[in-house]
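Quick one: the structure is below, and I'll ask about it shortly.
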Amino acid sequence: MTEDPRQTGNQASFAAFKGVSRQTVTDWKQRGLLVFSDDGKVDFLATDQRLADHGIRQPANIDLTGVTSIDGEPLWSRADAETVKENFSARLKQLEFERESTRVVTIDDAARHIVNEFGIVRQRCRTIGAEIAPRLSGMTSASEIKAAIDDAVVAALADLSAV
């Protein structure tokens with residue numbers, strides 16, 4: 001009976017067998033998760049079992065591009081999952097810092113600010129009629145009335161740009 005050549009091998013061949021990076025296998029070795037045979041090669045099946053015992057449930061001998069977990073995401077090794085977790089944690093910390101230092105704002109905050117600004121513009125525009133009506137009452141020329149309205153609008157816009 002011949003032994004399956006994929007049952008033992010070096011760390012690189014085990015990485016290919018598991019579908020993970022060589023660095024992941026090196027991390028597993030440093031954590032004491034690799035099982036070695038008497039000749040110093042990685043025992044693939046025993047190492048698979050040890051990985052499973054430590055919560056790393058990545059199947060061997062399967063093309064991982066089509067394998068998904070219950071939620072439809074690809075399976076990762078614990079080391080890869082920890083790397084992803086750390087990267088996203090760092091991104092969240094960066095975003096929190098930028099938000100607190102006002103380098104970025106939330107969409108809700110920006111929308112509230114815009115709504116407030118438009119409210120000020122709307123209110124200022126509504127007051128133009130009441131401000132200009134007494135001056136217009138004595139005017140009879142259309143050009144005179146237009147000039148007075150234009151002046152009132154320009155003044156209102158100047159007030160708004162100062163806010």
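The values are calculated or read from the model by the stated rules, or taken from the named source; none is laboratory data. Here the structure is a predicted model, which means the values were calculated and not measured. Every residue, glycine among them, receives a Cβ derived from its backbone with ideal geometry; neighbour counts consider all protein chains shown.
Test each condition in (1) farther than 30 Å from T26 by Cβ; (2) under 26 Å from the mean Cα position of the chain (by Cα); (3) of a type in the set (A, V, I, L, M, F, W, C) for A142 and report the one that comes out false.
Answer for A142: the failing condition is (2).
Out of the residues in the stretch 5-29 meeting the condition of being within 18 Å of I56 (Cα to Cα) and among the charged types (D, E, K, R), tell me which one is surrounded by the fewest Cβ atoms within 10 Å (Cβ to Cβ).
This residue is R22.
Now for a different question. Out of all the residues in the stretch 30-56, which are within 14 Å of E82 (Cβ to Cβ) and either touching a His at 6+ places or on another chain (Cβ under 8 Å) or surrounded by fewer than 19 Cβ atoms within 10 Å (Cβ to Cβ) (or both)?
Q30, R31, L33, H54, G55
Given the conditions (1) loosely packed, with under 10 Cβ neighbours inside 10 Å; (2) in contact with a helix residue (DSSP H, G or I) (Cβ under 6 Å, 6 or more places away or on another chain), and given that I145 satisfies all but one, which numbered condition is not satisfied?
(1) is the only condition that I145 fails.
Output the qualifying pairs, or none if there are none: Cβ atoms under 8 angstrom, residues six or more apart or on different chains, first residue in the stretch 23-42 and hydrophobic (A, V, I, L, M, F, W, C), second residue surrounded by fewer than 13 Cβ atoms within 10 Å (Cβ to Cβ) and assigned to a strand (DSSP E or B).
none
Among the candidates A79, A90, which residue alone is in the same structural domain as R31 (by TED's automatic domain parsing), surrounded by 11 or more Cβ atoms within 10 Å (Cβ to Cβ) and modelled with pLDDT of 75 or more?
Of A79, A90, the one residue that is in the same structural domain as R31 (by TED's automatic domain parsing), surrounded by 11 or more Cβ atoms within 10 Å (Cβ to Cβ) and modelled with pLDDT of 75 or more is A79.
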